[in-house]
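The values are calculated or read from the model by the stated rules, or taken from the named source; none is laboratory data. Nothing here was measured: the structure is a model prediction, and the numbers come from that model. Heads up, the Cβs are rebuilt from the backbone with ideal geometry, glycines too, and the neighbour counts pull from every protein chain shown. Protein only, heavy atoms only, side chains kept; ligands, DNA and RNA dropped before computing areas. Shrake-Rupley method; radii C 1.70, N 1.55, O 1.52, S 1.80 Å.
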Amino acid sequence: MAEFTVSLSKNSAEAVWGESAKLSFNESGAVIHLPDDKLNERLIQQAARKLDGLGLPAVSLSGDWHKEQQWAFALSFTRARKPASINWAETQDKAALEQEYAALLFTRQLVNDTPEDLSPVTLATRAAQWLKSLGGDKVSYSMTVGEELKEQGWIGIYNVGRGSERPPAMLVLDYNPTGNAEAPIDAVLVGKGITFDSGGYSIKSSEGMLDMKCDMGGAATVTGALGLAITQGSEKRIQLILCCAENLISGHAYKLGDVLTYKNGVTVEVVNTDAEGRLVLADGLMAATETGAPLIIDAATLTGAAVVALGSDYHGVFSLDDNAREQMLKAAKEENERFWPLPLEDFHAERCPSAFADTANSRPMKGGGGGASNAAGFLSRFVKPEGWVHLDLAAAYHGGATSEMPVGATAKGIRSIARMLNNYTA
């Protein structure tokens, strides 16, 4: 098959393609017609979706493309199943695009894989092996699995995952380009890695459970971001902590009314087993705080409330540190990714009260009002506020294809997090 090229044009399409057509075809491929000199990402994405529907094995971007225009095309053209390959336009940005696209493909594949193929240990292993392949001897890691979690006091990950026959796992990975084992850790990434979320005894509906293979989207996103930072040549020492578990029902599963006592002494009453993400992240955030790193970013597909607030276009940003929040938003703006600040105050830590423990893991009613902020407030009990950013990834996954995005994982956020890692100053 001859090379299928896609080019941009500021000229209108011929009348045969319809009035105000934005996509036309010629003997070599397709032309996307732009109305002005702006980036026109949404128009490019819509055209990419139409081209993706043709089932092409490969396309070549030809002519004058801006980097962000190529990235917009790739986001929408890369379907979940057997994605076509993309040959980038010959621009100075080609190498950077190849790095970013490799991270996108890894992140999307990890999220889109079936929950049967992606157990907690498998998730941790694949993340570690991919990063090791990029960083070589600069990357080392350890994994705590099953009963070892309980013995070491990581009771959030342990209890959420103990209902499954496949054990929970905590990955701690160290990227240390300095070669000095005593070098300070510059940043820690913490990811929610719930490989499947049934809701536990607070069981989800069948429809609500269908897409819950994506509940490890936080773990995939921070892994993809670190991989991108490594390929970009980051000289900072960065640690990655993945909190991995399957939230299933069995005779060994954790129950409503249980009280968990965390390493830092905080007691938590379980009033909703479907609010499990914050329970596993609490362990990761405590481990991150122990490093003394000036920057801690956690990422999770944490609450439906964030999706209600932001739809599937934006990631929610929470922080008690104005400087860290503003730098995260600045990084997102520079990478042309949609992040939006949502409220977090000290009092949000008190919004899930319990008569039996220091706090509950949720409110007993669905949503509970301000659910995304309440979840962030819960997490704030387990992390130092300075330099901490919590990302609620409302835009990590699409349950159905739209006119602009394919079904499945998006990998949105990996570029912004990588930029934050490289540029953050306390």
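One table, with the values for the structure above:
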read-out: Contacts under 7 angstrom Cβ, first residue in the range 191-207 being modelled with pLDDT of 95 or more, partner among the β-branched types (Val, Ile, Thr) and open to solvent by 10 Å² or more (accessible area, probe 1.4 Å), 6 or more apart; value: LYS192/THR301; SER198/ILE249; GLY200/ILE249; TYR201/ILE249; ILE203/ILE249
read-out: Members of the range 110-134 found to be open to solvent by 60 Å² or more (accessible area, probe 1.4 Å), out of contact with any helix residue (DSSP H, G or I) (no Cβ under 7 Å at 6 or more places or on another chain) and under 16 Å from LEU242 (Cβ atoms), listed by number; value: GLN129, LYS132
read-out: Scope the range 155-180; condition in contact with a strand residue (DSSP E or B) (Cβ under 7 Å, 6 or more places away or on another chain) and crowded, with 23+ Cβ neighbours inside 10 Å; matching residues; value: GLY156, ILE157, ASN159, VAL160, GLY161, PRO168, ALA169, MET170, LEU171, LEU173, TYR175
read-out: Subset of the range 311-339 that is in contact with a helix residue (DSSP H, G or I) (Cβ under 6 Å, 6 or more places away or on another chain) and in a strand (DSSP E or B) - its residue that is surrounded by the fewest Cβ atoms within 10 Å (Cβ to Cβ); value: VAL317
read-out: Members of the range 182-196 found to be over 27 Å from ALA275 (Cα atoms) and open to solvent by 30 Å² or more (accessible area, probe 1.4 Å), listed by number; value: GLU182, PRO184, ASP186
read-out: Looking only at the range 26-49, and only at residues there that are touching a Leu at 6+ places or on another chain (Cβ under 7 Å) and assigned to a loop (DSSP other than H, G, I, E, B), the one that is surrounded by the fewest Cβ atoms within 10 Å (Cβ to Cβ); value: LEU34
read-out: Tally of residues being of a type outside the set (Lys, Arg) and either open to solvent by 20 Å² or more (accessible area, probe 1.4 Å) or out of contact with any strand residue (DSSP E or B) (no Cβ under 9 Å at 6 or more places or on another chain) (or both) across the range 221-238; value: 7
read-out: Residues located in the range 382-408, provided they are of a type in the set (Asp, Glu) and closer than 16 Å to GLN45 by Cα; value: GLU404
read-out: Residue pairs meeting the criteria (Cβ under 7 Å; at least 6 apart or on separate chains; first among the β-branched types (Val, Ile, Thr), in the range 312-333; second surrounded by fewer than 19 Cβ atoms within 10 Å (Cβ to Cβ) and in a helix (DSSP H, G or I)); value: VAL317/LEU329
read-out: Answer from LEU123, LEU118 - the residue that is under 27 Å from LEU75 (Cβ atoms), part of a loop (DSSP other than H, G, I, E, B) and modelled with pLDDT of 95 or more; value: LEU118
read-out: Hits in the range 50-66 - residues which are in a loop (DSSP other than H, G, I, E, B) and without any contact (Cβ under 8 Å) to a residue 40 or more places away in the chain; value: GLY53, LEU54, GLY55, HIS66
read-out: Candidate set: the range 384-396, residues that are hydrophobic (A, V, I, L, M, F, W, C) and in contact with a Gly (Cβ under 9 Å, 6 or more places away or on another chain); chosen: the one surrounded by the most Cβ atoms within 10 Å (Cβ to Cβ); value: LEU391
read-out: Search result, residues across the range 254-285 that are more than 20 Å from the chain's Cα centre (by Cα), among the hydrophobic types (A, V, I, L, M, F, W, C) and either within 30 Å of ALA426 (Cβ to Cβ) or surrounded by 19 or more Cβ atoms within 10 Å (Cβ to Cβ) (or both); value: LEU260, VAL266, VAL268, VAL270, VAL271
read-out: Contacts under 7 angstrom Cβ, first residue in the range 372-383 being farther than 14 Å from MET286 by Cα and touching a residue at least 24 places away in the same chain (Cβ under 8 Å), partner open to solvent by 10 Å² or more (accessible area, probe 1.4 Å) and of a type in the set (S, T, N, Q), 6 or more apart; value: ALA372/THR303; ALA375/THR303
read-out: Residue within the range 347-356 that is touching a Pro at 6+ places or on another chain (Cβ under 8 Å), aliphatic (A, V, I, L, M), at pLDDT 95 or above and open to solvent by 30 Å² or more (accessible area, probe 1.4 Å) present; value: no
read-out: Residues satisfying the stated conditions in the range 397-426, i.e. part of a loop (DSSP other than H, G, I, E, B) and open to solvent by 10 Å² or more (accessible area, probe 1.4 Å); value: GLY399, GLY400, ALA401, THR402, SER403, GLU404, VAL407, LYS412, TYR424, THR425, ALA426
read-out: Output for the range 1-25, where each listed residue is assigned to a loop (DSSP other than H, G, I, E, B) and not polar (S, T, N, Q); value: MET1, ALA2, GLU3, PHE4, LYS10, ALA13, GLU14, GLY18, GLU19, ALA21, LYS22
read-out: Single residue of ASP215, ASP137 found to be open to solvent by less than 10 Å² (accessible area, probe 1.4 Å) and in a helix (DSSP H, G or I); value: ASP215
read-out: Matching option when the condition is in contact with a Lys or Arg (Cβ under 8 Å, 6 or more places away or on another chain) and either over 26 Å from LEU260 (Cα atoms) or in contact (Cβ under 8 Å) with a residue 60 or more places away in the chain (or both), among ALA181, ALA96, ALA128; value: ALA96
